[in-house]
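See below for the structure under consideration.
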Amino acid sequence: MKDSANLSYMIDVRGLNKRFGDKHVVRDLSLQVQRGEILGFLGPNGSGKTTSIRMLCGLLTPDSGSGSCLGYDILKQSDQIKRNVGYMTQKFSYWDDLTIRENLDFVARLYEMPDRKRAVDEALEGLRLTSRAQQLTGTLSGGWKQRLALAACMLHKPRLLLLDEPTAGVDPAARRDFWEELHELAAQGITVLVSTHYMDEAERCHKLAYISYGALLAQGTAAEVIESQGLSTWAIHGDADRLVELSRQLRGQPGVDLTVAFGSALHVSGRDGAALERTLRAVTQGQALRLEAERTGLEHVFIFLMRGSADNFADTLGAGR
Amino acid sequence: MSRNGFSVVRWWSIVLKEFLQLRRDRVTFAMIILIPLLELALFGFAINTDPKHMPTAIIAADQSEFTRSYVAALRNSDYFTIVGELPDEEAGRAALAQGQVQFVVDIPVDFTRRLLRGERPALLVEADASDPTATGLALAAVQQFAQSVADKDLIGPLAALAGGQPAFDVQVHRLYNPEGITQYNVVPGLMGVILTMTMVMMTGLAITREHERGTMENLLATPVRPLEVISGKIIPYIAIGLVQATIILVASRYVFNVPFAGSVAAVYLSALLFIAANLTVGITLSSLAQNQLQGVQLTFFYFLPNILLSGFMFPFQGMPGWARAIGSALPLTYFNRLIRGILLKGNGWADLWPSVWPLILFTVVVMTVAVKCYRRTLD
Ligand SMILES: Nc1ncnc2c1ncn2[C@@H]1O[C@H](COP(=O)(O)OP(=O)(O)O)[C@@H](O)[C@H]1O
Ligand SMILES: [Mg+2]
């Protein structure tokens with residue numbers, strides 16, 4: 001029997017591992033997502049986001065680990081999970097040789113929806129595609145396909161949405177609409193896990209999980225994620241050419257973990273705040289450069305995580321065998 | 001409720017989807033109609049036209065006016081082209097075995113002497129009957145020439161030899177295929193071959209295609225179950241198979257004049273069983289194949305023994321034991337027996353049953369394998 005604390009988690013998995021051949025794609029992944037929460041799943045390409053999502057909805061069997069989705073065991077009850085989860089694949093995977101209506105109708109039948117025709121009509125209206133319902137799906141543009149896929153995976157009113165890069169290739173206006181809708185759904189108690197590359201989208205999530213080379217490096221609210229890395233950040237303003245040179249010069253200096261060009265300034269971050277400040281003061285001393293303390297943002301943290309994990313991965317490769 | 005069992009609604013959704021996709025797939029649609037017509041034209045008419053100008057070698061151990069006259073008669077007919085003389089029987093066999101000649105006419109040493117003595121000597125014609133259709137009519141002609149040569153050359157004092165029976169005998173050895181399949185045998189057999197080919201080919205890619213297009217990920221993420229997908233996917237092809245069977249039946253009746261001794265219901269029931277058997281094979285192969293190329297290769301791999309060992313190409317009883325054992329596991333073997341039995345012999349249910357239950361058994365077993373092979377995850 002489950003205790004009631006666990007039941008409030010719509011996703012609750014622990015220690016998930018997945019290997020493809022000798023490639024360890026997901027390492028000891030643990031995720032907890034509460035009802036009505038939007039979890040942003042972030043990480044560079046190939047970091048194991050899609051693989052993790054597939055394990056959550058029963059499309060891949062984890063090599064080890066356990067957990068539940070919507071209270072159903074991910075290893076034993078994937079039928080129940082599938083019935084209540086809407087999964088939007090990263091690559092468009094509806095049938096190109098069916099019309100828009102036929103695709104929606106097919107999905108509605110697969111979920112044995114009682115009032116199928118109405119659900120499909122409503123979805124078409126919501127998409128503003130009613131007039132093009134008879135068009136072959138293969139002829140839709142990328143953005144429209146994405147929207148159709150989203151509508152199709154929500155057709156059966158799932159309690160949990162797993163969205164794998166749902167806004168890739170979608171124009172900014174449509175992305176904004178999409179996020180409005182996600183927040184409305186979340187307010188209705190629907191739980192959402194959404195993977196994305198966009199920083200502005202990350203900021204719209206309730207919680208974030210950052211994964212790199214299969215390992216979860218940070219999890220929590222945006223503030224918690226920023227906090228967890230303990231970075232101090234400074235901005236250096238000055239002549240553009242001088243900043244490029246400075247960026248090169250700072251690399252490897254005590255306290256400097258990260259230099260990033262940010263608009264007209266150079267942002268420098270490091271874990272050891274005191275050492276960083278000493279280095280920067282020394283470098284900018286008596287130069288035509290202005291040094292300012294900067295608030296560490298998500299972007300700094302993600303870039304920092306991405307670099308750090310690249311090194312981790314090299315280490316584990318060396319130590320592995 | 002269908003919470004965990006088979007859901008008719010979901011199953012029907014698959015059926016509808018397949019129909020819709022099929023309707024838009026013009027190439028497949030054209031193939032459905034064209035394959036039976038093409039095969040019938042190729043196989044069927046090739047059987048009906050009597051082949052002419054077949055390479056023939058002579059072993060002339062005896063040379064006389066009669067033998068020369070006989071060889072001249074062969075030469076003048078359309079059926080034979082004399083390609084040369086061979087020294088002995090052994091060389092003749094080798095030429096036949098290598099397919100260099102279709103016939104070897106062997107005139108024995110003392111043929112003329114025995115002919116003149118009125119002993120009715122025998123002229124030996126060896127035929128490569130591995131393709132019986134190539135030899136049938138020509139062999140009939142060989143006998144006829146014996147009569148006409150005798151009538152023409154045996155004149156004067158020898159005329160007595162010509163009276164009544166032919167003065168000499170022609171012995172025919174059909175090599176490689178003693179049973180001698182008739183065209184009536186082949187055209188109904190074609191029905192099974194065509195159905196095997198199209199049914200397995202069309203479903204052989206049904207699941208692989210979903211995997212390659214990435215749509216399988218979507219399908220697997222829904223509650224649909226393996227049996228629903230598999231049986232749903234084959235339903236449209238059952239309809240197609242029956243259409244093809246009808247085309248072939250009509251053609252064999254009205255184009256090739258194949259007799260139709262048995263009942264139409266029996267034909268369709270057999271066809272239905274056979275179609276189901278092949279569709280389960282196709283869908284199993286498509287679950288096993290990693291990509292479409294592999295799917296095609298597996299289909300071909302299945303197709304070959306069916307053509308060769310089912311009694312379509314070679315008489316089943318004439319095959320060695322191991323070949324018969326393989327043949328006994330193939331649905332085409334039983335369908336050939338059913339369809340030939342119904343059309344040619346007018347067999348009733350009691351005669352058909354021994355070939356019906358193996359088809360049912362085959363279908364059930366392979367369907368089970370198909371469901372087991374269906375990958376429920378992307379692993
Ligand atoms: N079916 C598979 N077989 C082998 N390797 C795979 C398979 N699926 C994914 N991978 C590998 O696993 C890694 C993680 O992939 P993925 O989960 O798609 O990452 P992401 O979605 O974060 O871009 C990649 O290196 C990818 O090549
Ligand atoms: Mg991905």
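Rounded to the nearest 20 Debye, what is the dipole magnitude of chain A about its Cα centre when Lys and Arg each give +1 and Asp and Glu each give -1 at the C-beta? Please report the intermediate quantities before stating the final value.
Numbers: 38 positive and 40 negative charges, 119 e Å.
That gives chain A a dipole magnitude of about 560 debye.
Out of A:His183, A:His237, A:His156, any idea which swings most in a Gaussian network model of chain A, alpha carbons joined below 10 Å?
In this elastic network of chain A, the residue with the biggest mean-square fluctuation among A:His183, A:His237, A:His156 is A:His237.
Which value does Rg/Rh take for the stretch A:4-226 over its C-alpha atoms, Rh per Kirkwood? Show your work: numbers first, answer last.
Working: Rg = 17.2 Å, Rh = 17.9 Å.
When Rh is taken as the Kirkwood radius, the ratio is 0.96.
What does the average come to when, for each residue of peptide A:98-104, you count the partner chain Cβ atoms lying within 10 Å of its Cβ? Please report the intermediate quantities before stating the final value.
On the way: counts 6, 2, 0, 0, 4, 3, 0.
Whole-number average of other-chain Cβ neighbours for A:98-104 is 2.
Which residue, B:Ala323, B:Met31, A:Ala187, has the largest displacement toward the positive end of the dipole of the protein assembly as shown when charges sit on each Cβ (Lys, Arg +1; Asp, Glu -1)?
A:Ala187
Restricting attention to the alpha-carbon atoms of the protein assembly as shown, what are Rg (one decimal) and Dmax (integer), both in Å?
39.0, 141
Which log10 I(q)/I(0) values, to two decimals, does the stretch A:142-231 give at q = 0.13, 0.25, 0.26 Å⁻¹ under the Debye formula with one point per Cα?
With one equal scatterer per Cα and no solvent, log10 I(q)/I(0) is -0.48, -1.39, -1.44.
Tell me the label-point distance for the pair A:Glu277, A:Met199, using the 7 Å Cα-to-Cβ offset, in nm and rounded to one decimal.
2.5 nm
Just want the ordering: B:Ile107, B:Ile35, B:Ile234, from fewest to most Cβ atoms lying within 10 Å of their own Cβ. Provide the component values of the computation, followed by the final result.
Numbers: B:Ile107 22, B:Ile35 18, B:Ile234 26.
So the ranking, lowest neighbour count to highest, is B:Ile35, B:Ile107, B:Ile234.
For the modelled label position 7 Å from the Cα of B:Arg376 along Cα-to-Cβ, which residues of the stretch A:46-72 have backbone nitrogen atoms closer than 16 Å?
A:55-62, A:72
Taking the number of other C-beta atoms within 10 Å as the exposure measure, put B:Arg117, A:Arg242 in order starting with the fewest. All intermediate terms of the calculation are to be shown ahead of the outcome.
Values: B:Arg117 11, A:Arg242 14.
Placing the least packed residue first, the sequence is B:Arg117, A:Arg242.
Can you give the average number of partner chain beta-carbon atoms within 10 Å of each beta-carbon in peptide A:78-91, as a whole number?
Counting other chains' Cβ atoms within 10 Å and averaging over A:78-91 gives 3.
Full extension from B:Leu34 to B:Tyr254: what is 0.36 nm times the residue separation minus their Cα-Cα distance, to one decimal in nm? List each step's numbers first, then the result.
Numbers: separation 220, 0.36 × 220 = 79.20 nm, distance 1.80 nm.
Additional length available on full extension: 77.4 nm.
With 10 angstrom as the radius, rank B:Ile360, B:Ile247, A:Ile38 by how many other C-beta atoms surround their C-beta, starting from the fewest. Working shown, then result.
On the way: B:Ile360 13, B:Ile247 18, A:Ile38 23.
Arranged by neighbour count, lowest to highest, B:Ile360, B:Ile247, A:Ile38 become B:Ile360, B:Ile247, A:Ile38.
How many nm separate the modelled label positions at B:Ala91 and A:Arg248, each set 7 Å beyond the Cα in the direction of the Cβ?
With each label point 7 Å from Cα toward Cβ, the separation is 9.0 nm.
What number comes out for the charge environment of B:Arg10, summing +1 per Lys or Arg and -1 per Asp or Glu over other residues with Cβ under 10 Å away?
Details: positive: A:Arg109, B:Arg225; negative: A:Glu112, B:Glu228.
Counting the neighbours of B:Arg10, the net charge comes to 0.
Can you compute the charge dipole magnitude of the stretch B:182-373 about its Cα centre, using +1 on each Lys and Arg Cβ and -1 on each Asp and Glu Cβ, nothing else charged? Give it in debye, rounded to the nearest 20. Before the final figure, lay out the partial values.
Working: 10 positive and 5 negative charges, 59 e Å.
So the magnitude is around 280 debye.
Put a dot 7 Å past each Cα toward the Cβ at B:Ile326 and A:Gln134; how far apart are the dots in nm?
5.3 nm
Taken together, the values in this text are just the output of simple stated rules run on the coordinates, not laboratory data. Keep in mind the model is a prediction, meaning the values are calculated, not measured. Reconstructed Cβ throughout: ideal geometry from the backbone, glycine too, with neighbour counts over all protein chains shown.
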